[in-house]
Amino acid sequence: MSKSIEVMWKEGFVNEAHLSAPKVNDLYNRKSQNLVDKLLNMFAVNIKAIVWGCVVMLIIMSLVGAPFLGLYICCLLAPIVIIAKKELKKSVDLSKGQSSYDYIVTFNHWLKNSIKVYSGYYRIFYPLFFLGMATQAIVSKAGGKLIALLLEVFPTSLIILGQPYYIWVALVVGMVFFARYAEAIYQWDLNMVYGHQFKKLEELIADMEELRK
């Protein structure tokens, strides 16, 4: 090739209404569509992974003697599946008949709104997930031995529902912590799975905006 794709873009890609490089425009169309399709496919696979993960986890939890914890976590994950399916249905309404730029920008707008919806639920999910795990730890044999040891080291007469007060304080502090940093935790988790694709999406939009000037 005598010219790199970057050079072709800079020389030929202008406002699509006055497009002078149809091949470059077609390249953008395919690149945009492929990226969107890949992300949507990843979202769909993630839904299936959560559903099957719940089934496997429930079986494992039952085998190790914690069926109620498994059922509890499944109940917490169920709204995520429902939200995910609703959000994916919204993506169907995105018009593929738009220009490649308008389409990718519309998709990015939908993506950010979806992330906000998920973030709202995760503010509830993480504290409740912590509560479930902590409760299971407290009622377990190992947890009982640990609490007995704590009572020996830090004796107290203030017992609430069979537990020393500082256990309840720790639970409340933990829930407040996870509620406070739920969005940050979710963003970290999100970037672990989709970070590379999100970066490619941002770079694609930035390139298209620069070349449309």
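The values are calculated or read from the model by the stated rules, or taken from the named source; none is laboratory data. Worth saying up front: this structure is predicted, and the values here are computed from it rather than measured. Only protein heavy atoms, including side chains, enter the accessible area calculation; ligands, DNA and RNA are left aside. Shrake-Rupley method; radii C 1.70, N 1.55, O 1.52, S 1.80 Å.
Observations
- Pairs exceeding a 19 Å alpha-carbon distance, out of LYS86/LYS199; LYS86/LYS112; LYS90/LYS112; LYS90/LYS116; LYS38/LYS199: LYS86/LYS199.
- Computed on region 29-84, with alpha-carbon pairs under 8 angstrom and 6+ residues apart, the relative contact order is 32 percent.
- Accessible area per residue, Å², region 79-213 with all protein chains present, probe 1.4 Å: 63 Å²
- Largest to smallest accessible area among LEU131, LEU171 [probe 1.4 Å]: LEU131, LEU171
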